[in-house]
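Engineer: Here's a structure for you.
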Number of protein chains: 2
Amino acid sequence: MNLSKTSKYAFRVLGQMAKNEKELYSAQQLHKEIDVPERYLRRLLTDLSKYGFIKSIQGRQGGFAFARDISKIFLIEIVVAIDGLDSIDGCILGYDSCAFDHACPMHNIWEETKRKVIETLTKTSLKDIQNAGLKL
Amino acid sequence: MNLSKTSKYAFRVLGQMAKNEKELYSAQQLHKEIDVPERYLRRLLTDLSKYGFIKSIQGRQGGFAFARDISKIFLIEIVVAIDGLDSIDGCILGYDSCAFDHACPMHNIWEETKRKVIETLTKTSLKDIQNAGLKL
DNA sequence: ATTAAATGCCACTTGCATGTAGTATTTTAC
DNA sequence: GTAAAATACTACATGCAAGTGGCATTTAAT
Ligand code: SF4
Ligand code: SF4
């Protein structure tokens, strides 16, 4: 049950960009709007474009814009791309691989909660969090 | 939304100890039963005794036993002691302090899920996870 | 008394996520 | 064509959680 700081940064950036879906945002501009270190943000944006959420346009007047419809980009995809599904779905006791034939007591107790977390991340799109993550 | 590896270790250890509530467990014995590095486990057990979940008995034939009724030790207490409440309850966008007068879009979306997580940790006691966390 | 088996304390090491720096590349403005 | 403003790449630095090691202390068995 882990969400890396980087994933949280991604939520902020993409939430901010979702404010105007078509706009081309530069890293510098985004850095001013949300509170993420500029160089780190640049690398993150490059990564996000490799993951296919956004596209990058190089050169002067360049920047980043969405590569897909923001109503069809769901938070779970972002988390999976950055942290991997196991960060959310993995064993709550931290075992890498579980060899129980039958689930241990903790498993069933946690199952429903885990499902809720995944469900929320799965059904929430960037459209739903437009304008989330403004700098304080 | 973070649960440290150490908290997960604590779930394993205490879940294992809850198997026989009254038994006195040595670190070495527990190390054999669950998969946690021995030295790290010893430190964790000492910490857990400082937090008041268990008590330590020094000297030969010493070990650790519960200091309180296991049906009244709830997982949330363990997480709060080790990671702090903010690890669960903190801003999902990673802001240290949020200055929004009105909650941002993400806040309300996440609220219910967060509540579910906290509720599950709050209502689950060590009694409920007896024998959880056996070594593979 | 001596030894053995346990916890307690403190400092160090390691691994990994986060953050920074330098430089190359791309494209536009003039 | 040159400079400016943007992204791309790669290597290095930093900070913190996780893990290890040495030795002191406590207590029971002998
Ligand atoms: S059964 Fe228990 S140990 Fe196995 S994956 Fe589920 S919670 Fe983890
Ligand atoms: S309102 Fe938004 S930024 Fe503020 S604490 Fe809630 S999720 Fe975080």
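Engineer: Hey, among A:Leu44, A:Leu14, A:Leu75, which residue is touching a helix residue (DSSP H, G or I) at 6+ places or on another chain (Cβ under 9 Å) and without any contact (Cβ under 8 Å) to a residue 40 or more places away in the chain?
Structural biologist: Numbers: A:Leu14 fails: without any contact (Cβ under 8 Å) to a residue 40 or more places away in the chain; A:Leu75 fails: without any contact (Cβ under 8 Å) to a residue 40 or more places away in the chain.
None of the other options fit; the residue is A:Leu44.
Engineer: A follow-up question, please. Being under 17 Å from B:Leu3 (Cβ atoms), at pLDDT 95 or above and within 16 Å of ligand 1 (Cβ to nearest atom) is true for just one of B:Ile76, B:Ile129, B:Ile88. Which residue is that?
Structural biologist: On the way: B:Ile76 fails: within 16 Å of ligand 1 (Cβ to nearest atom); B:Ile88 fails: within 16 Å of ligand 1 (Cβ to nearest atom).
Of B:Ile76, B:Ile129, B:Ile88, the one residue that is under 17 Å from B:Leu3 (Cβ atoms), at pLDDT 95 or above and within 16 Å of ligand 1 (Cβ to nearest atom) is B:Ile129.
Engineer: Would you list the helices (runs of 4 or more DSSP H) that sit entirely within segment B:62-136 and hold 1 or more residues that are surrounded by fewer than 17 Cβ atoms within 10 Å (Cβ to Cβ) and at the interface with chain A (Cβ under 10 Å from one of its Cβ atoms)? Don't jump to the end; show me each part of the working.
Structural biologist: Working: elements: B:75-83, B:86-89, B:105-123.
Once the helices (runs of 4 or more DSSP H) in segment B:62-136 are filtered for at least 1 residues that are surrounded by fewer than 17 Cβ atoms within 10 Å (Cβ to Cβ) and at the interface with chain A (Cβ under 10 Å from one of its Cβ atoms), what remains is B:105-123.
Engineer: Of the numbered conditions (1) over 20 Å from the mean Cα position of the chain (by Cα); (2) away from DNA strand C (no atom under 16 Å from the Cβ); (3) in contact (Cβ under 8 Å) with a residue 24 or more places away in the chain, B:Trp110 fails exactly one; give the number of that condition.
Structural biologist: That leaves (3) as the condition not met.
Engineer: So, in segment A:47-59, of the ones that are without any contact (Cβ under 8 Å) to a residue 24 or more places away in the chain and of a type outside the set (S, T, N, Q), which residue ends up nearest to DNA strand C (Cβ to nearest atom)? Walk me through it before giving the result.
Structural biologist: At the first step, the residues of segment A:47-59 found to be without any contact (Cβ under 8 Å) to a residue 24 or more places away in the chain are A:49-50, A:52, A:55-56, A:58-59.
Still in the list and also of a type outside the set (S, T, N, Q): A:50, A:52, A:55, A:59.
Numbers: A:Lys50: 16, A:Gly52: 18, A:Lys55: 12, A:Gly59: 2 Å.
Among those residues, the one meeting the criterion is A:Gly59.
Engineer: Among the residues of segment A:15-30, what is the count of those that are within 11 Å of another protein chain (Cβ to nearest Cβ) and open to solvent by less than 20 Å² (accessible area, probe 1.4 Å)? Even if it seems obvious, please write down each step before you answer.
Structural biologist: As a first pass, look at segment A:15-30 and keep what is within 11 Å of another protein chain (Cβ to nearest Cβ): A:15-16, A:18-19.
This time we only want the ones that are open to solvent by less than 20 Å² (accessible area, probe 1.4 Å), so: A:15-16, A:18.
Of the residues in segment A:15-30, 3 are within 11 Å of another protein chain (Cβ to nearest Cβ) and open to solvent by less than 20 Å² (accessible area, probe 1.4 Å).
Engineer: Oh, and also: As an exercise: evaluate B:Lys5 against (1) over 30 Å from A:Ala132 (Cα atoms); (2) under 15 Å from the mean Cα position of the chain (by Cα) and give the number of the one condition it does not meet.
Structural biologist: Unmet condition: (1).
Engineer: May I ask you to verify whether A:Ser71 is modelled with pLDDT under 95 and away from DNA strand D (no atom under 13 Å from the Cβ)? Write out each step before concluding.
Structural biologist: Details: modelled with pLDDT under 95: no; away from DNA strand D (no atom under 13 Å from the Cβ): yes.
Here the answer is no, as A:Ser71 does not meet what is asked.
Engineer: Taking into account only those residues within segment A:40-61 that are near DNA strand D (Cβ under 9 Å from one of its atoms) and of a type in the set (Gly, Ala, Ser), which is least open to solvent (accessible area, probe 1.4 Å)?
Structural biologist: Among residues in segment A:40-61 that are near DNA strand D (Cβ under 9 Å from one of its atoms) and of a type in the set (Gly, Ala, Ser), the one least open to solvent (accessible area, probe 1.4 Å) is A:Ser49.
Engineer: A:Met1 is checked against (1) modelled with pLDDT of 95 or more; (2) open to solvent by less than 40 Å² (accessible area, probe 1.4 Å) and fails just one. What number does that condition carry?
Structural biologist: It fails just one condition, (1).
The values are calculated or read from the model by the stated rules, or taken from the named source; none is laboratory data. Note that the structure is a prediction, hence the values are computed from the model and not measured. A quick note on method: Cβ atoms are made from the backbone with ideal geometry, for glycine too, and the neighbour counts reach across all protein chains shown. Each accessible area value is taken on the protein alone, full model and side chains, heavy atoms only, with ligands, DNA and RNA left out. Shrake-Rupley method; radii C 1.70, N 1.55, O 1.52, S 1.80 Å.
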